[in-house]
Amino acid sequence: MNIILLGPPGAGKGTQARMLVEKRGMVQLSTGDMLREAKDSGTEMGQIVADVMARGALVTDEIVIGLIKEKLETVKANGFIFDGFPRTLAQADALGDLLEAEGQTLDKVVEMRVDDEALVARITARSTCAACGEVYNDQTKPIPADGKCSNCGATEFKRRADDNEESLKTRLMEYYKQTSPLIGYYYAKGVLSRVDGLGAIAAVQGEIKAVLET
Ligand code: AMP
């Protein structure tokens, strides 16, 4: 089963994708993670995207479609979770073509709904384990008191450079202008389901499970 987690920055896509990887053995394809890796390892592409990402703007369709194409052609999986991709109608069309070329289908698109004020609060409170990527939140899921990641025991945590109010404004605007039309696009294709992304992590997980099992 191949699925898309669709929602604004801070909706919890990454957190839920990690759980699906753990529980169902699916493979998470996060273009944001791929771009951050390229940036951190200083590749030519990484240098090109660094400034765009810091501002919260969208990287070109050509770059992200190329990243996904490479993964779909080389990684064998018991289902992919697309996290942060597609973000434009051109990307959505390209994903449909790429899946078809691989003899695969897009089975579900799960829209994670969260109100804007909650997003700002979530994003400015979020940090991740530098070793395994486990996501923490200062209010709802703080870093354990012993300073060790509950998943892997590492002691270093980081905050994303673009998790600040200024770039968040741009990221939200990009979401509403470029990505939210995908809700109608996938509704029309008959693959859209909605979950309430505002609930506790386990509650959202339960809603997603129900969607995937219908
Ligand atoms: P994310 O981790 O999904 O929030 O992505 C972080 C940043 O990477 C975004 O703000 C964009 O600059 C860039 N990015 C990630 N995925 C895409 C995509 N599908 N299309 C364009 N830009 C992307």
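On a full-extension model of 0.36 nm per residue, what is the gain between Val135 and Ala200, subtracting their alpha-carbon distance, rounded to one decimal in nm? Walk me through the numbers before you get to the answer.
On the way: separation 65, 0.36 × 65 = 23.40 nm, distance 1.38 nm.
Extra length from Val135 to Ala200 when fully extended: 22.0 nm.
Modelled label-to-label distance, Ala210 and Val191, 7 Å Cα→beta-carbon offset: nm?
It works out to 2.3 nm between the two label points.
Just how large is the dipole of the chain about the Cα centre, in debye to the nearest 20, putting +1 at every Lys and Arg Cβ and -1 at every Asp and Glu Cβ? Display every interim value, and only then the final one.
On the way: 26 positive and 32 negative charges, 88 e Å.
Dipole size: approximately 420 debye.
Determine the share of the chain's accessible area contributed by carbon and sulfur atoms, expressed in whole percent, with a 1.4 angstrom probe.
Numbers: 5560 of 10910 Å².
Result for the chain: 51 percent of the exposed heavy-atom area is carbon or sulfur.
What is the dipole size for the stretch 75-121, taken about its Cα centre, with +1 at each Lys and Arg Cβ and -1 at each Asp and Glu Cβ, in debye to the nearest 20?
On the way: 4 positive and 10 negative charges, 38 e Å.
For this selection, approximately 180 debye.
Kindly provide the Kirkwood hydrodynamic radius of the chain in Å, to one decimal, from all pairs of distinct alpha carbon atoms. Don't skip to the answer; put the middle values down first.
Values: mean 1/r = 0.0564 Å⁻¹.
Radius from the Kirkwood sum: 17.7 Å.
Mind giving me the FRET efficiency for Glu117 and Lys158? R0 is 25 Å, r the Cβ-Cβ distance, nearest 0.05 is fine.
Values: r = 25 Å, r/R0 = 0.99.
In this case the efficiency is close to 0.50.
Let me test this: with uniform point scatterers at the alpha carbons of the stretch 14-55, what is the Debye-based log₁₀ I(q)/I(0) at q = 0.17, 0.31 1/Å?
Scattering profile of the stretch 14-55, log10 relative to I(0): -0.54, -0.95.
Report, in listed order, any pair from Lys141/Lys209; Lys169/Lys189; Lys39/Lys148; Lys13/Lys39; Lys158/Lys189; Lys69/Lys108 with a Cα-Cα distance greater than 28 Å. It would help to have the intermediate numbers written out before the result.
Numbers: Lys141/Lys209 21 Å; Lys169/Lys189 30 Å; Lys39/Lys148 26 Å; Lys13/Lys39 21 Å; Lys158/Lys189 39 Å; Lys69/Lys108 19 Å.
The pairs that break the limit, which is 28 Å between Cα atoms, are Lys169/Lys189; Lys158/Lys189.
Pull up all non-local amide H partners of Arg194: gap of 5 or more, or a different chain, and H-to-H distance under 5 Å with H placed in the peptide plane.
Residues meeting the amide H criterion: Glu111.
Give me the 1.4 Å probe accessible area per residue for the chain, excluding ligands and nucleic acids, in Å².
Details: 10910 Å² over 214 residues.
Value for the chain: 51 Å² per residue.
Which of Gly12, Met34, Gly103 sits farthest toward the positive end of the charge dipole of the chain, with +1 on the Cβ of Lys and Arg and -1 on the Cβ of Asp and Glu?
Gly12
Consider a paramagnetic label point 7 Å from the Cα of Lys177 along Cα→Cβ; state which residues of the stretch 43-84 have an amide N under 16 Å from it.
Within reach of a label on Lys177, which here means backbone N under 16 Å from a point 7 Å along Cα→Cβ, the stretch 43-84 contributes 52-61.
Rank Ala202, Met173, Tyr185 by how far each Cα sits towards the positive end of the charge dipole of the stretch 95-214 (+1 on Lys, Arg Cβ; -1 on Asp, Glu Cβ) and give me just the farthest.
Ala202
Would you please state the base-10 log of I(q)/I(0) at q = 0.16 1/Å for the stretch 66-149, with intensities from the Debye formula using one equal scatterer on every alpha carbon?
With one equal scatterer per Cα and no solvent, log10 I(q)/I(0) is -0.85.
How are the alpha carbon pair distances in the stretch 144-214 distributed across 10 Å bins from zero to the largest one, expressed in percent?
Bin by bin from 0 Å, the calculated values are 15, 23, 38, 21, 4.
What does the highest-first list of 67-76, 105-114 look like by mean Cβ count within 10 Å?
Details: 67-76: 13.4, 105-114: 18.5.
Top to bottom by mean Cβ count within 10 Å: 105-114, 67-76.
Once both labels are modelled 7 Å past Cα along the beta-carbon direction, what's the Ala57-Thr170 spacing in nm?
0.7 nm
Can you tell me which of 59-66, 135-142, 10-17 comes out highest on packing, and rank the rest after it, using the mean Cβ neighbours within 10 Å?
The most tightly packed comes first, giving 10-17, 59-66, 135-142.
From the phi angles alone, apply the Karplus equation (6.51, -1.76, 1.60; θ = phi - 60°) to the stretch 176-190 and give each ³J(HN,Hα) in whole Hz, x where the residue is Gly or Pro.
5, 6, 9, 9, 4, x, 5, 4, x, 4, 7, 4, 5, 7, x
The values are calculated or read from the model by the stated rules, or taken from the named source; none is laboratory data. Because the structure is a prediction, the values reported are computed rather than measured. FYI the Cβ positions are ideal-geometry reconstructions off the backbone, even for glycines, and counts take in every protein chain you see. Surface areas here come from the heavy atoms of the whole protein model, side chains and all, with no ligands, DNA or RNA. Shrake-Rupley method; radii C 1.70, N 1.55, O 1.52, S 1.80 Å.
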